[in-house]
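Report on one structure; see the data block that follows.
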Amino acid sequence: MTILAVFRSRAQALDFISYLKGAGVPAQAVSTPKDAGVGCGVSAKFDERFLPRVKLMLAKRRYTSFSGFMHRAGDFYVYG
């Protein structure tokens, strides 16, 4: 399953994607779905199998604009 790390800041989203890639986590920038309810427009997309590692990496940095993780549920993305 695909997971999105949603940020309210485009700069922080792109920084986090770079951080993930540098640590060997395949990640890419994608448009944030409207379901997220945030305005930056960029999220980090990665595979669910990396979620525990991504959470640890996220905790090591102060991303004040991090909004949460989303996954697909039918036709929509949901937090959780």
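Bear in mind that the values in this text are calculations on the coordinates, not laboratory data. For clarity, every value in this text was computed on a predicted model and none was experimentally measured.
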Over the chain, the sum of -39500 (n - 2.57) across DSSP H runs of at least four, divided by residue number and rounded to 500 deg cm²/dmol, gives at 222 nm -8500 deg cm²/dmol
A chain fully extended from Ser65 to Leu14 at 0.36 nm per residue, minus the present Cα-Cα distance, gains in nm 17.2 nm
Heads up, segment 1-46 by the C-alpha gyration tensor (a ≥ b ≥ c square roots of eigenvalues; a/c under 1.5 rounded, else a/b over b/c prolate, else oblate) looks oblate
Straight-line reach check, Lys21, cutoff 17 Å on alpha carbons, 8 or more apart in-chain or any other chain, hits among lysines -> Lys45, Lys55, Lys60
Checked the chain against the a/c 1.5 cut and the a/b vs b/c comparison, axes a ≥ b ≥ c from its Cα gyration tensor; verdict oblate
